[in-house]
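Below you'll find the structure, written out as structure tokens, and then a few comments.
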Amino acid sequence: MLVHSDFYAPVKIIAGEGAMDNIAVELSSLDSCKPLVIAPSGTATIIRDLVCAFGETGMEIGVFSHVTGKPTLADVKNIHEIYTSRGFDGIIAVGGGKVVHLAKIANIAASSSPEILRQFLADEKIPLPQLNPLVILSGLIIDGYECSKYAIFSDKRYESPSLIPKMVIVDKYALSGVFSPEVALSSALVMICALDDYLTEKHSFFSRAYTNSLFGLLIAAVDKARKPGKWKLPLANSLSLTGFLLSNNGGGWGYQLAQALAAKKEKSTGECACALLPHLLELAFERCGEEMGRMLMPILDVDSVDEVKAVLLATYHKIAQEAGVEGINLSINNSEGEEMIASIMLEGSAKADCSRLMVRLSS
Amino acid sequence: MNFPVYYEFFCGARIIAGHDGLERIPLLLEELGVANPIILTDKGVVGAGLLAIVLASLRSEMRDVTVFDDIPPDSDILVVNRIAREYKKNACDSIIAVGGGSVIDTAKGVNALVSEDESDLFNLKGAGRIKRQLKPFIAMPTTSGTGSEATLVAVVKDNEKKVKCIFTSVFLQPNIAILDSRMTLTLPPAVTAATGMDALTHAMEAYYCLQKNPISDSHALLAVELISQNLLKIMENPHDKEGRLNLAIASNLAGIAFANSMVGMVHTLGHSFGAVCGVPHGVCMAVLLPYGLEYNMHKKSKEIGQLLLPLVGVEEYQKTPFRLRGERVVSIIREMNSSLNKITEGKHPLRFKDILGRDGRQLIREEDLATVAKVARNDGSIFMNPEELNYEDLLMVATASFAGNPLDVKQIKKG
């Protein structure tokens, strides 16, 4: 365990029945009384519920629901124009992935100025001022970065503590749909992030606490994937915690490898995570199975380390099955494997572990 | 997996832990964009040489920084108002708190006052009155127990009105909490024992009380394991830096857990013993924790039983039959208290009857117990306790803990 540590995850989580009803009060506690909602197209029902949640508070809200493809500067300009001309003072992003990335980038321009955003996009090291509150109304399909200090824009990852949202609301009324293959692939990303914490030497007691919660929530959700209504809240909670881990470790080597494989093999990061998971699980059991077992036994409500391992394996199989990628083979050859390892710049035991894993994948 | 119908979780502070955490202060101040902090502390911290360590970690141009080192153990609104005037007079731009719960709570109050440009802290009393980011604030706990650096609450007395004022806001949390092993290395054994048991109580009550949630649970379990592995070890070897740091981390994890899940009966009665008889908070927690576990066992036997795992490890946990795990937790806490009592040569008390005041006289008399029970009825933590408590129940527990007798479980009215 890394005793010297630096951990930061200042996102308030509000989860459960009626969570959305508290959004007006919570925004007001952050000194925001006129938020702009940024949502993907096709979310009319959620937006209606959201508008209802502001009910008789007297707070005015605006809606920008034209997010379709990858966020562009034109989207940012549109949002900035609406935000400043109508005097909004906060943003609510609905869902995950591109909407949240757009909201984070647009918030820089809206809260400070387009010039500051231009400077930041040119050099992310410039310190950003305190931005207006960004609240995420969580969805079920994510890339893991939502609650993190990162935003993806124009295929580049930008980083600043100011990009961390102030709050994430997890409410079943905002979590529509079934446990689809896309949801399963999001779950695979969550699982790989949690395993990364056990496989890295750089973890802290603080990241470990969130990792254990994340495992518990993910496993509870996947176990109930076929029971309507039972899995959404724990799953969306686990998705939020993924950002906490990514913010603090930048993505462990499992997650980074999944991303590198996705780029190389033209697959999604979730699919590549599914291909890596059985190997990473085996490695984690071998490396720190006792510790994982001891930490997770009370959280999973089981009585032995072996039961913990069995539950984790069953969870992986269910995710892969629901995603339709069980037994996926990425056909990696030796030189591709070496290229992958070089691309994520690993050192020490992580490099050795990653090399072993690539050998397995290529055989 | 425990998934409540509704829950909230928040830890806004950046947590830096290490043997050389203090050396990061100059860089952290720079990152926060400030250069003229006021350092708040107390005479005990100065006497232990800790302020000197903090000052030495600052850049040379900052060594004549404003210092207020006269914060009393039970801070008061007037002290907060006075420090706020000092802050403004010296054109300070940030706060560094070095101390235990009282110093950190005072610093929270000062920060609210100077940031909101109020002249009297009383005007900011209650929940949610503070709605803006406050001045940059770094907290450095010098005890491993209160977890104040992780909470959203400040408790400051108003001695004139004879009330404890509670201030709650997400903005009260420090921006940064630095857990440095040097800050607790010289803590006296009895204080180490009491504050360690305070942290253990935070973690355990967070795990079995009514407002628990999946994230506070994992923080609580880790805290219990770290305290179990390190408290007795550093009592035997107080200069064990690794152990001290682990305990500081455990206290912070427990603070995060209880700040998000609240606490129960141990705190209900503990606050009251503190208010009525002046017993230090950590001592109250140590004496009352086994009673809190016993009192709630019939309702939370699974959760209390699960706490055995971080206390004893997998092998012994598996050997212990399910129905006996909770009782084993209670006996381990009593064994820990006994060990702490022996190591401190009796300074860590096992029952309230044995606590002596500064004048050497018994601090609590049997006739005080009725008042303790009466006052406890109004403590907010009573609502989060799994089993209900009325005046008779509180008096029964107070009486048993006064005499050091185990609870007669037949007397618990199972609601």
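Structure above, values below:
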| quantity | calculated |
| --- | --- |
| Lysines with Cα under 24 Å of B:LYS88, excluding same-chain neighbours fewer than 8 positions away | B:LYS43, B:LYS108, B:LYS125, B:LYS131, B:LYS135, B:LYS157 |
| Amide H within-cut-off set for A:PHE153, under 5 Å, with H built and near neighbours excluded | A:TYR158 |
| Proximal charge balance of A:SER148 [Cβ under 12 Å; K/R count +1, D/E count -1] | 0 |
| Descending Cα extents along the principal axes, segment A:12-174, whole Å | 42, 31, 27 |
| Amide proton proximity set for A:GLY62, modelled H, under 5 Å, gap of 5+ | A:LEU36, A:VAL37 |
| Karplus (6.51, -1.76, 1.60) ³J(HN,Hα), θ = phi - 60°, over segment A:21-38, in Hz, Gly and Pro reported as x | 4, 8, 4, 5, 4, 5, 5, 4, 5, 9, 6, 10, 10, 8, x, 9, 8, 10 |
| Apportionment of accessible area to carbon and sulfur, the protein assembly as shown, percent (1.4 Å) | 51 |
| Sequence-distant lysines (8 or more away, or on other chains) whose Cα lies within less than 20 Å of B:LYS319 | A:LYS309, B:LYS302 |
| DSSP loop GluC sites (Glu not before Pro) with at most 11 other Cβ within 10 Å excluded, longest remaining stretch of chain B | B:161-344 |
| Eligible lysines near A:LYS265 by straight Cα distance, threshold 22 Å, same-chain separation 8 or greater | A:LYS70, A:LYS98, A:LYS156, A:LYS351 |
| Debye log10 I(q)/I(0) at q = 0.06, 0.08, 0.11 Å⁻¹ for the protein assembly as shown, Cα point scatterers | -0.37, -0.67, -1.28 |
| Per residue convex hull volume, Cα atoms of segment A:181-362, in Å³ | 102 |
| Range of Cα positions in chain B per principal axis (Å), largest first | 63, 50, 46 |
| Solvent-accessible area per residue, Å², over chain A with all protein chains present [probe radius 1.4 Å] | 37 |
| Residue pairs, from the table A:LYS230/A:LYS318; B:LYS347/B:LYS414; B:LYS233/B:LYS410; A:LYS34/B:LYS89; B:LYS164/B:LYS300; A:LYS77/A:LYS149, whose Cα atoms sit over 25 Å apart | B:LYS347/B:LYS414; B:LYS233/B:LYS410; A:LYS34/B:LYS89; B:LYS164/B:LYS300 |
| Shielding score for B:216-223, defined as the mean number of other chain Cβ atoms within 10 Å | 6 |
| q = 0.06, 0.11, 0.12 Å⁻¹, chain A: log10 I(q)/I(0) [Debye, one scatterer per Cα] | -0.22, -0.74, -0.88 |
| Nonlocal amide H pairs with B:THR66, under 5 Å, H built at 1.01 Å | B:ILE39 |
| Angle in degrees between helix B:214-236 and the longest Cα principal axis of chain B, rounded to the nearest 10 | 90 |
| Heavy-atom accessible area, 1.4 Å probe, ligands and nucleic acids excluded: residues of segment B:235-261 down by at least 20 Å² from chain alone | B:GLU242, B:ASN246, B:ILE249, B:LEU253 |
| Positive-end extreme of charge dipole, the protein assembly as shown - chosen from A:LEU131, B:ASN405, B:LEU245 (charges on Cβ) | B:ASN405 |
| Unit charges on C-beta of K, R, D, E only; dipole of chain A, Debye | 480 |
| Accessible-area ranking of B:MET204, A:MET59, largest first, probe 1.4 Å | A:MET59, B:MET204 |
| Between helix B:322-343 and chain B: long-axis angle, C-alpha atoms, 0 to 90°, nearest 10 | 60 |
| Within the protein assembly as shown: Cβ-based charge dipole about Cα centre, in debye rounded to nearest 20 (Lys, Arg +1; Asp, Glu -1) | 720 |
| FRET efficiency, A:LYS202 to B:VAL314 (Cβ-Cβ, R0 22 Å, nearest 0.05) | 0.30 |
| Two-decimal ratio, segment B:84-236, of alpha-carbon radius of gyration to 2.2 N^0.38 Å | 1.13 |
| Net charge of Cβ neighbours under 11 Å - reference B:LEU51; Lys, Arg +1; Asp, Glu -1 | -1 |
| Under 13 Å, Cβ to Cβ, from A:HIS203 - net charge with Lys/Arg +1 and Asp/Glu -1 | -2 |
| Estimated buried accessible area (total), pair B and A, 1.4 Å, Å² to nearest 100 | 4100 |
| Rounded to the nearest 20 debye, dipole of segment A:12-174 from Cβ charges on Lys, Arg, Asp, Glu | 380 |
| Cleavage-rule hits, trypsin sites (Lys or Arg not before Pro), segment B:29-86, DSSP coil, Cβ neighbours within 10 Å at most 10 | B:ARG63 |
| At least 20 Å² of accessible area lost relative to the chain alone, listed for segment B:291-325 with a 1.4 Å probe | B:LYS302, B:GLN306, B:LEU309, B:VAL314, B:TYR317, B:GLN318, B:ARG325 |
| ³J(HN,Hα), Karplus 6.51/-1.76/1.60, whole Hz, each residue of segment A:127-141, x for Gly, Pro | x, 8, x, 4, 8, 5, x, 10, 10, 9, 9, 5, x, 10, 10 |
| Helical segments meeting 20 Å axial Cα length and Kyte-Doolittle 1.6 threshold in chain A (DSSP H) | none |
| Of the trypsin sites (Lys or Arg not before Pro) in segment A:107-168, those whose Cβ has at most 15 other Cβ within 10 Å and which sit in DSSP loop | A:LYS125 |
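The values are calculated or read from the model by the stated rules, or taken from the named source; none is laboratory data. No experiment lies behind these values; they were computed from the predicted model shown. Because the Cβ atoms are built from the backbone with ideal geometry, glycine has one as well, and the counts that use them run over all protein chains shown. SASA here: full protein model, heavy atoms, side chains in, ligands and nucleic acids out. Shrake-Rupley method; radii C 1.70, N 1.55, O 1.52, S 1.80 Å.
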